[in-house]
Amino acid sequence: MPQFDTSTPTISRKFADHTFTVPAPFTEGHALTADEAKFMNGQVASVVGNQFAGDVRRALAAYNKAQRDALPKKEQASYVDTTDVSVLGWDMAARFAEKYADYELGVSNRGGDGSASANSALERTVNFLNAEDMKARIIAKGLKVGAFQKAAASDPQYKTKWAELLAKNLEAKGDQFRATAQAQIDAAAANAGSDDLLDGITAPVAEVEAQPEAA
């Protein structure tokens with residue numbers, strides 16, 4: 001276990017509805033021992049693995065919903081959800097490798113505080129759905145979104161009240177947002193081959209505004 005004393009930096013974390021001051025002995029430039037490196041590698045593998053498992057679960061949920069909705073009304077109740085991931089058509093190893101490559105250690109990868117890595121279409125769409133849902137709920141209360149974006153958070157791990165609300169909303173409704181996002185992405189991919197609006201169009205060449213001749 002890393003050593004710590006009263007001079008060790010600390011962070012605040014909330015567990016079981018109680019806020020604790022936790023030692024933060026791992027500082028920038030810290031040289032990991034063999035056991036620490038083993039622990040960190042295992043932690044990253046577990047975090048990414050759990051996130052990937054969530055992606056699979058949500059994609060399957062979206063697939064089953066689409067299959068059920070495609071049936072006549074009288075047959076929908078008898079549809080049995082599949083758990084066979086092969087229906088997704090994913091290269092699982094490649095998908096996991098991509099997930100691992102996109103993960104940023106030490107950064108929120110869930111989009112809760114606005115600093116997350118949003119490299120994937122799924123994360124970008126989830127973040128958009130989360131923000132739009134939160135905005136609509138605030139407006140429905142007769143309040144202004146900007147006020148929350150400027151207000152300080154009650155939880156010190158967030159920069160603003162808006163970031164705090166986004167994180168809590170994502171925690172509560174994340175599965176719903178991810179299922180919706182994945183369904184939208186899958187639908188867009190299915191229609192990607194036929195885009196009448198852009199068919200036959202090449203990249204436009206920017207026109208340079210003519211400059212007046214010098215006298």
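Residues of segment 152-180 that are outside any loop (DSSP other than H, G, I, E, B), of a type in the set (A, V, I, L, M) and without any contact (Cβ under 8 Å) to a residue 60 or more places away in the chain: ALA163, LEU165, LEU166, ALA167, ALA172.
Quick one: in segment 118-132, of everything that is surrounded by fewer than 17 Cβ atoms within 10 Å (Cβ to Cβ) and over 15 Å from GLN184 (Cα atoms), which residue is modelled with the highest pLDDT? Per the criteria, the residue is GLU132. If you go through segment 162-186 and keep only what is among the aliphatic types (A, V, I, L, M), over 12 Å from the mean Cα position of the chain (by Cα) and more than 27 Å from ASP69 (Cα to Cα), you end up with ALA163, LEU165.
Within segment 150-164, being farther than 21 Å from ALA136 by Cα and charged (D, E, K, R) holds for ASP155, LYS159.
Among residues of segment 69-86 that are over 22 Å from ALA53 (Cβ atoms), those with a Cβ under 7 angstrom from a residue that is of a type in the set (D, E, K, R), sequence gap 6+ or separate chain, pair up as GLN76/ARG68; TYR79/ARG68.
Do any helices (runs of 4 or more DSSP H) entirely within segment 1-107 hold 3 or more residues that are touching a helix residue (DSSP H, G or I) at 6+ places or on another chain (Cβ under 7 Å), and if so, which?
Per the criteria, 34-70, 92-102.
This table checks each residue for (1) out of contact with any Phe, Trp or Tyr (no Cβ under 8 Å at 6 or more places or on another chain); (2) exposed (fewer than 12 other Cβ atoms within 10 Å of the Cβ); (3) on the phi < 0 side of the Ramachandran plot.
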| position | (1), (2), (3) |
| --- | --- |
| PHE4 | yes, no, yes |
| THR10 | yes, no, yes |
| ARG13 | no, no, yes |
| HIS18 | yes, yes, yes |
| THR21 | yes, yes, yes |
| PHE26 | yes, no, yes |
| ALA59 | no, no, yes |
| ALA66 | yes, no, yes |
| SER86 | yes, yes, yes |
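Of the residues examined, ASP155 is not one that is loosely packed, with under 11 Cβ neighbours inside 10 Å, at pLDDT below 90 and more than 19 Å from the chain's Cα centre (by Cα).
The values are calculated or read from the model by the stated rules, or taken from the named source; none is laboratory data. Small disclaimer: the values here were computed from a predicted structure and weren't measured. Cβ atoms come from the backbone with ideal geometry, glycine included; neighbour counts cover every protein chain shown.
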